[in-house]
Each structure stands twice: as C-alpha cells, then as structure tokens.
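Q: Pasting in a structure now, in structure tokens, and then I'll have a few things to ask.
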Amino acid sequence: MNTFNENHKKKGELKIFFIKLVSVVIAIVITINILFNIIFGERLEQLDEILLLNKSNFRIEFKDKLRKELEQGLERENIFYEEDKVLLYKLYKKIITEFDDIDKNKLN
C-alpha cells in the first residue's frame, strides 16, 4: 500500500513540475517576443520599406515623404547647420582640386 501512495505522490509531483515548466517556457517565449518587437520591430519595418521601393505604391509614398521634407527644409531660414556647411564646403573645395588635376587629354 505504501508503494501505491509513493507512486501516486511522485506522479502528482511530476504533474506539478511539468505544469510549472510549461508555464515558465510560455512566459519566456512571451517575454522574448515582446522584447524583440520593442527593440527590432520598428527597424525591421523601415528596412522592409526600403526593400519594397521596387513596388509602385511604395515609391510614390517615399517620393511624397521626400518632397515634404524638402519643402520643410526650404521653409527654414538655414537649411544646414554650421558644421554641415563647413564639411560641405571642404568637400566642394576638394572636389574642385581633384577636377583641376584631371588629365585633359583623357577627356576627349
């Protein structure tokens, strides 16, 4: 009779163990899913938009966003920040000097 009670008790303990194990696994999966969506979800949506530029409606939407940003930039008094102006001017000067160094014979 003792062995019957011990086996029944062990089965009950195993049942509780598996219920706890399944609960913990489900909680971990839900936590990982939520963290993944919070951290990477928005970035993946932006990447999908870039990859879908070959589709017409996405190109039109992207073009409209770009136009809107350009219009907003033109409405401001200064388009560039001072540091950006300096960098662009240095880049411009470097390009001009490289164009001056072109072998004129290769242009024909």
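Q: Among the numbered criteria (1) within 32 Å of the chain's Cα centre (by Cα); (2) not in a helix (DSSP H, G or I), which one does Ile102 miss?
A: Among (1) within 32 Å of the chain's Cα centre (by Cα); (2) not in a helix (DSSP H, G or I), the lone unmet condition for Ile102 is (1).
Q: Going by the conditions given, is Leu14 modelled with pLDDT under 90 and surrounded by 10 or more Cβ atoms within 10 Å (Cβ to Cβ)?
A: Numbers: modelled with pLDDT under 90: yes; surrounded by 10 or more Cβ atoms within 10 Å (Cβ to Cβ): yes.
The answer is yes for Leu14.
Q: Would it be correct to say that Arg67 is surrounded by 10 or more Cβ atoms within 10 Å (Cβ to Cβ), at pLDDT 85 or above and more than 16 Å from the chain's Cα centre (by Cα)?
A: Working: surrounded by 10 or more Cβ atoms within 10 Å (Cβ to Cβ): yes; at pLDDT 85 or above: yes; more than 16 Å from the chain's Cα centre (by Cα): yes.
Spelling it out, Arg67 is indeed surrounded by 10 or more Cβ atoms within 10 Å (Cβ to Cβ), at pLDDT 85 or above and more than 16 Å from the chain's Cα centre (by Cα).
Q: Still on this structure, please answer the following. On the given criteria, is Asp100 of a type in the set (Asp, Glu), surrounded by 10 or more Cβ atoms within 10 Å (Cβ to Cβ) and at negative phi?
A: So Asp100 does not fit the description; no.
Q: Return the only residue of Leu74, Leu88 being surrounded by 10 or more Cβ atoms within 10 Å (Cβ to Cβ) and in a helix (DSSP H, G or I).
A: Of Leu74, Leu88, the one residue that is surrounded by 10 or more Cβ atoms within 10 Å (Cβ to Cβ) and in a helix (DSSP H, G or I) is Leu88.
Q: Return the pairs, sorted by first residue and then second, in which the second residue is modelled with pLDDT of 75 or more, the first residue lies in region 28-56 and is among the charged types (D, E, K, R), the beta carbons are less than 8 Å apart, and the residues are 6+ apart or on different chains.
A: Listed pairs, sorted by first residue: Glu49/Phe62.
The values are calculated or read from the model by the stated rules, or taken from the named source; none is laboratory data. Computed from a prediction, not measured in an experiment: that's the story for all the values here. Cβ sites come from the backbone with ideal geometry, for glycine too, and all protein chains shown count toward neighbours.
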